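Read-outs: derived from the displayed coordinates by stated rules, not from any lab. For clarity, every value in this text was computed on a predicted model and none was experimentally measured. Don't worry about glycine lacking a Cβ; one is built from the backbone with ideal geometry, like all the others, and counts go over all protein chains shown.
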Amino acid sequence: MFKILAEKLRAFESGDARLVWGIPLAIASTLGLLLLANLLIVGKEDPNASLVEAQSPVEASADAAVALAGDEASSDAIDDITTDSGVRILRSKIKPKRVVAAEPLPGEDQVLPERPEAELIAARLFEVSSGHWQLQQRPYVYTELSKPRVVAVMRQRKTFLPLASVEPGHFSYRIENETRLIVSQEEGRGENGQISFDRSRKFRYALQLVSLPAKEIAKAWPLAEALVNQGYYVYWSRSDEPRPTKEGDQFLYKLRVGFYESEYETVQLANEIQGAFPEEPLIQHQLWPVLPEFDEVDLEVMDFGVQRSRPYCLDLASYRSLGEGLSEMAQVGGYFDVLYLSQKKDANGYLYQLEAGFYLSQAEAQKALDLARRKSSLGLSGARIANRRYKISADRGR
């Protein structure tokens, strides 16, 4: 090495500078070729390597994948149960062809216990104390019957109904910035139920199933619940203003399933749902894709941070019937920013509580209550104003 350097130095001293300066150029050219070759080799690696790794939890758990049954739909495809209190429960025996990849919570690989009572609603949100919502990290949604279980939330025009599936892994529940509650389908679902990592996909279409006036909204609860239990993201969209009906002006509520990338995919979903529920009278008509507005696509259920400066709320009414609670919630939906319906069990059976919010002052809360009484046909005679600080947290598991 020293001998070579000495020769180059003598060459430089002798004036042959071209030989000396040609060396760095040759080295730079060689490094450039080596870098290009490395990039080409890396580009030939198996692009599905990371995909296989991400899909491994799905392959390992049968509960993480569901497929549309190959048998033809028939009247035997539906379990239709009516409880003593008049609550109708639909259970489809045909599973949807959606494959859902879930990040399992502790114990989520276990099969959930059977619903102990037909009227009991699956829930992951509990009001553990006045105004304190707690998101259950465990999949056991049939516990704590004496605590209020949040089963429906209406935020402006959108109603999240209901909020939990009886099967684990269908939905993602998360709390952002310690204040925002988000409920969504598990991410990564592509066409034909395959896992997709293409973040450029825009899920903007929804499928409209039925439109009902506020007083009749409870008719669609069994269908909505059955769809949620199969992993579909189901919600209600309310009309901006009351519309003329046979029973006077009422808000209209549209039951929708979202969200999908293309109109074609949404039409395929319509065929899938009608095939899974062949005897359901509410959907024995043409279903059509819709382009929801932004507030529908927004997956936020509640922002508790906003409520911190608005401590006043309204305890509107209590009911012994789910249908009555849903109907009155729908009738006054256009007069409150936020409404939620909870369910708990006491010595006399199931009790449903309807509450509304949120307001800066007691006078503002009273004004909203007076408007709802005047505009709707409901007296809401038992309503009262409460001062309550709302917050949300996650439990620590089992």
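Annotations
- Multiplying the residue separation of Y264 and D337 by 0.36 nm and removing their Cα-Cα distance gives an extension gain of 22.8 nm.
- Surrounding net charge for G248, when Lys and Arg each add one and Asp and Glu each subtract one, Cβ distance under 14 Å: 0
- Each of E355, E127, E241 was scored by other Cβ atoms within 10 Å of its Cβ. Arranged with the fewest first, they read E241, E127, E355.
- You can think of it this way: the chain between V297 and E324 has 6.9 nm of extra reach, that is 0.36 nm per residue less the Cα-Cα gap.
- Extension gain for K375 to A394 (0.36 nm times residue separation, less C-alpha to C-alpha distance): 3.0 nm.
- Ranking of D295, D346, D315 by count of other Cβ atoms within 10 Å, fewest first: D346, D295, D315
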